[in-house]
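Working notes, beginning with the structure itself.
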Amino acid sequence: MPFHFTNHYTRDEVRSLLPQIRGWLEKLRASLAEVAKYEKRITGLLAPGQDLGGEMVNRWVKAVVAVEQLFAEFSKREIQIKDVDRGLLDFPAIIGGREVFLCWEQDDDDIEFWHELDSGFAGREPL
């Protein structure tokens with residue numbers, strides 16, 4: 001049976017990535033908040049026939065690009081973001097010859113859980 005993912009992580013590999021991942025999540029949350037702030041302001045300024053531009057739109061575009069770049073960091077490594085606010089992530093792994101996810105939440109000190117590809121957080125098991 002073919003695997004769904006090309007990248008598969010060991011517990012130690014995920015551990016080594018955690019400092020970098022914590023930084024990406026922090027930047028991602030900040031960038032998402034910035035996008036939301038500008039979108040709220042821009043939406044309030046829009047009216048039929050109005051042309052909106054200038055520094056505020058430039059800052060909004062930069063924030064959107066930052067979000068896209070951060071999502072790309074996770075995507076190219078096949079790390080799945082399940083909840084940005086909680087910092088809930090899944091890492092493809094092989095356990096007992098089966099493809100599963102190592103499951104990590106930002107408040108976790110270590111990689112302590114795994115779950116089947118289709119079971120999610122509720123189905124996680126201790127390593």
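Tabulated values for the structure
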{"quantity": "Some residue of region 1-12 being part of a helix (DSSP H, G or I), surrounded by 11 or more Cβ atoms within 10 Å (Cβ to Cβ), among the basic types (Lys, Arg) and touching a strand residue (DSSP E or B) at 6+ places or on another chain (Cβ under 8 Å)", "calculated": "yes"}
{"quantity": "Subset of region 18-39 [touching a residue at least 40 places away in the same chain (Cβ under 8 Å) and hydrophobic (A, V, I, L, M, F, W, C)]", "calculated": "Leu18, Ile21, Trp24, Leu25, Leu28, Leu32"}
{"quantity": "Boolean, Arg59 is part of a loop (DSSP other than H, G, I, E, B) and either under 16 Å from the mean Cα position of the chain (by Cα) or over 30 Å from Phe3 (Cβ atoms) (or both)", "calculated": "no"}
{"quantity": "Selection status of Phe71, under 30 Å from Phe3 (Cβ atoms), surrounded by 15 or more Cβ atoms within 10 Å (Cβ to Cβ), at pLDDT 95 or above and in contact with a strand residue (DSSP E or B) (Cβ under 6 Å, 6 or more places away or on another chain)", "calculated": "no"}
{"quantity": "Residue match in region 46-67 (condition: of a type in the set (A, V, I, L, M) and within 19 Å of His8 (Cβ to Cβ))", "calculated": "no"}
{"quantity": "The listed residue being assigned to a loop (DSSP other than H, G, I, E, B) and within 15 Å of Trp24 (Cβ to Cβ), out of Glu68, Glu73, Glu78", "calculated": "Glu78"}
{"quantity": "Residue within region 117-127 that is within 20 Å of the chain's Cα centre (by Cα), modelled with pLDDT under 95, under 30 Å from Pro2 (Cα atoms) and of a type in the set (Asp, Glu) present", "calculated": "yes"}
{"quantity": "Residues being modelled with pLDDT of 85 or more, more than 14 Å from Phe91 (Cα to Cα) and of a type outside the set (S, T, N, Q) - total across region 3-56", "calculated": "19"}
{"quantity": "Considering residues of region 81-90 that are without any contact (Cβ under 8 Å) to a residue 60 or more places away in the chain and buried (at least 16 other Cβ atoms within 10 Å of the Cβ) only, the residue nearest to the chain's Cα centre (by Cα)", "calculated": "Ile81"}
{"quantity": "Enumeration of residues in region 91-114 that are in contact (Cβ under 8 Å) with a residue 24 or more places away in the chain, assigned to a strand (DSSP E or B) and under 18 Å from the mean Cα position of the chain (by Cα)", "calculated": "Phe91, Pro92, Ala93, Leu102, Trp104"}
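The values are calculated or read from the model by the stated rules, or taken from the named source; none is laboratory data. This structure is a prediction, so every number in the text was calculated from the model and none was measured. For neighbour counting, all protein chains shown are included, and Cβ atoms are generated from backbone atoms with ideal geometry for every residue, glycine included.
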